[in-house]
Amino acid sequence: MAVDLAERFGTPLYVYSGDGLVAHYAAFEAAVSELDCVVHYAVKANSSLGVLGLLAQQGAGADIVSGGEMKRALIAGIAPDKIVFSGVGKTDDEIRAALQAGIAQINAESATELRHISQIAAETKQQAAVALRVNVNVDPGSHAKISTGQRSTKFGIPVANGEAAMLYRQLCSDPNLIPRGLAVHIGSQLRKLDPFELAYQELLVLADMLRAEGLDVPMLDLGGGLGVDYEEDKTPDFDAYGQMVTRIFASRDYKVGFEPGRSIAADNGVFLTRTLFVKKGENKRFIIVDGAMNDLIRPTLYEAFHRIEPVGQPNPVIGLADIVGPVCETGDYLGQGRAMPAIAEGEILAVLSAGAYGAVMMSNYNTRPEAAEVMIHDEAVHVLRPRRNVKDLLKLEHNPFS
Ligand code: LLP
């Protein structure tokens, strides 16, 4: 199957499982079903219109972080009242577009942002529904580049110094704003539940305090972050996460929101790449493939591990190898020091768990056109994004000197 797809669509190629996406989304929903809640899929994890369209059919809302993602979500059929706008730096144009589209909620992350939202709401003669994303200073125990919970990061409004409470009071007294509650997201790829629990308890303390002052705190947005198992072929432990949040929130009178991204998408994508050459280095074997860091940047950017497997018959391991791309950087690798069988020129390798933060982070570095994206769903193969060629890439550029 993988070989057929590689032949048919070329490599490098992202292949998604539509059935898997549906199943993961359903498993997440089921795990939190005892709560009065909404699930906003984090569009940034995989924003392919086909992926969003399929999740929209399952009833998913969207967590977005840019005007571009908002457009994608709307085009894919996600209703504006199921869209939440997160992120530390929204432009006035993005805020205006969000208000115009009538999205459910903007999660504000600073006093300045709150002021901008209020002014734009006043100018456009409407009220903006706003929640405050708070910083509870909890270390999620994840990679530094995807940890957002500590006070040293740019994310959220500090709780400890009273700023979050002060701004919430201000939000409640602003006639241009409708208070929606509080939001927290301490990081991504969390492999333990304790940091979530710590953050949620901190959030509840603040929410209860604000309610005790008579303020309206309808909703608590609990972010995303549930990690996946990149080492083994196991689905995320949705149930354990669901039990934890249910224990904390079921007896409480707050509506809650979730923003899962990776846990829905990662397991449901593979990245197929073709072996160009096998090079015997002085002290190691390099399997040089046609997929590179511009197609899948996670290994080099976050020291992330993705399993890499030949797609054909299993053969005995002959030794370690680095699986590297053609880009001119030593950091251009998909895997290092992997026990691999003999690999022939032309052989297809599958990089697993590449459905989240894979295609969305592609670039054209080294003037490499992006990988194509296809989805298998209900036994049919759908092209979500055809491969572009170099001509497409150059089309938008001008050379004033030619
Ligand atoms: N909500 C907010 C506000 C977020 O910032 C994120 C992810 C999510 C939800 C979704 O988190 P998830 O369920 O996917 O963990 N590119 C990195 C991951 C960056 C995550 C950024 N924020 C990677 O490849 O590991």
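The values are calculated or read from the model by the stated rules, or taken from the named source; none is laboratory data. The shown structure was predicted, so the numbers you read here are calculated from the model rather than taken from an experiment. With ideal geometry, Cβ positions are generated from the backbone for all residues, glycine too; neighbour counts draw on all protein chains shown. Quick note on the areas: whole protein, heavy atoms, side chains included, nothing else; ligands and nucleic acids left out. Shrake-Rupley method; radii C 1.70, N 1.55, O 1.52, S 1.80 Å.
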Fill in: Full-stretch length increase - ASP139, VAL383 - with 0.36 nm per residue and alpha-carbon distance subtracted
83.9 nm
Worksheet entry | FRET efficiency, 1/(1 + (r/R0)^6) with R0 60 Å, evaluated for ASN399 and ASP233 via beta carbons | 0.80
Response to the item:
Placing each pseudo-label 7 Å from Cα in the direction of the beta carbon, GLU282 and GLU309 end up separated by a distance in nanometres of 3.6 nm
Item to complete: Quote the accessible area belonging to ARG307 in square angstrom, nearest 10, computed with a 1.4 Å probe and with ligands, DNA and RNA left uncounted.
Response: 50 Å²
Response to the item:
When every protein chain stays in place and a 1.4 Å probe is rolled, LEU21, LEU276 sorted by accessible area with the largest first are LEU276, LEU21
Worksheet item: Rounded to the nearest 0.05, what FRET efficiency is calculated for ASP4 and GLU329 with R0 set to 41 Å and r the Cβ-Cβ distance?
Response: 0.80
Discussion item. I want the antiparallel fraction of DSSP beta bridges within the chain, as a percent rounded to 5.
Written reply: 40 percent
Discussion item. Can you sort SER251, SER188 by solvent-accessible area, 1.4 Å probe, largest first?
Written reply: SER251, SER188
Worksheet item: Gap in Å between the Cα centre of segment 120-135 and the Cα centre of segment 62-111?
Response: 11 Å
Worksheet item: Accessible surface of GLU347 in the full protein assembly, 1.4 angstrom probe, to the nearest 10 Å²?
Response: 50 Å²
Worksheet item: In degrees, nearest 10, range 0 to 90: what is the angle between the Cα axis of helix 111-123 and the longest Cα principal axis of the chain?
Response: 70 degrees
Worksheet entry | Top of MET219, MET209, MET361 by mean-square fluctuation, Gaussian network on the chain, Cα under 10 Å | MET209
Discussion item. How much length would be gained if the chain were fully extended between LYS192 and SER152, taking 0.36 nm per residue of separation minus their Cα-Cα distance, in nm to one decimal?
Written reply: 12.3 nm
Item to complete: For helix 18-31, report the angle its Cα long axis makes with the longest principal axis of the Cα atoms of the chain; keep it between 0 and 90° and round to the nearest 10°.
Response: 30 degrees
Practice prompt. Rounded to the nearest 500, what is the 222 nm mean residue ellipticity of the chain from helices alone, with -39500 (n - 2.57) per DSSP H run of 4+ residues and division by all residues?
Written response: -8500 deg cm²/dmol
Practice prompt. Using a 1.4 angstrom probe on the protein heavy atoms only, line up LYS280, LYS82 by accessible area, largest first.
Written response: LYS280, LYS82
Worksheet item: Want the number for VAL205 to TYR365: 0.36 nm per residue separation, take away the alpha-carbon distance, what's left?
Response: 53.0 nm
Worksheet entry | Carbon/sulfur fraction of accessible area - the chain, other protein chains in place, 1.4 Å, % | 52 percent
Worksheet entry | Relative contact order %, the chain, counting alpha carbon pairs below 8 Å whose residues are six or more apart | 19 percent
Item to complete: Jot down the radius of gyration and Dmax of segment 230-312, Cα atoms only, both in angstrom.
Response: 19.5, 65
Worksheet, complete the sentence: Of the listed links LYS90/LYS125; LYS44/LYS125; LYS145/LYS192; LYS90/LYS391; LYS44/LYS71, those spanning more than 22 angstrom between alpha carbons are LYS44/LYS125; LYS90/LYS391
Worksheet item: How many Å² of accessible area per residue for segment 18-266, probe 1.4 Å?
Response: 40 Å²
Worksheet item: Using bins 5 angstrom wide from zero, how does P(r) for segment 18-266 break down, in % of all Cα pairs?
Response: 1, 7, 15, 18, 21, 18, 13, 6, 2, 0, 0
Worksheet, complete the sentence: Here the FRET efficiency for MET166 versus ALA122, based on Cβ atoms and R0 = 22 Å and rounded to 0.05, is 0.55
Worksheet item: GNM on the chain, C-alpha springs below 10 Å: top fluctuator among GLY89, GLY261, GLY223?
Response: GLY89
Item to complete: At 37 °C and 0.692 mPa s, grab the translational diffusion coefficient of segment 165-223 from Stokes-Einstein with a Kirkwood Rh over Cα pairs, rounded to a whole number in µm² per second.
Response: 264 µm²/s
Worksheet item: For segment 260-400, what is the per residue volume of the convex hull drawn over the alpha-carbon atoms, in cubic angstrom?
Response: 148 Å³
Response to the item:
Reduced to Cα centres, the span from segment 375-402 to segment 157-212 in Å works out to 42 Å
Item to complete: Find the Rg to Rh ratio for segment 56-124, where Rh is the Kirkwood radius over alpha-carbon pairs and Rg uses the same atoms.
Response: 0.97
Worksheet item: If Lys and Arg each add +1 and Asp and Glu each add -1, what is the summed charge of the other residues whose beta carbon sits under 10 Å from the beta carbon of ALA73?
Response: +1
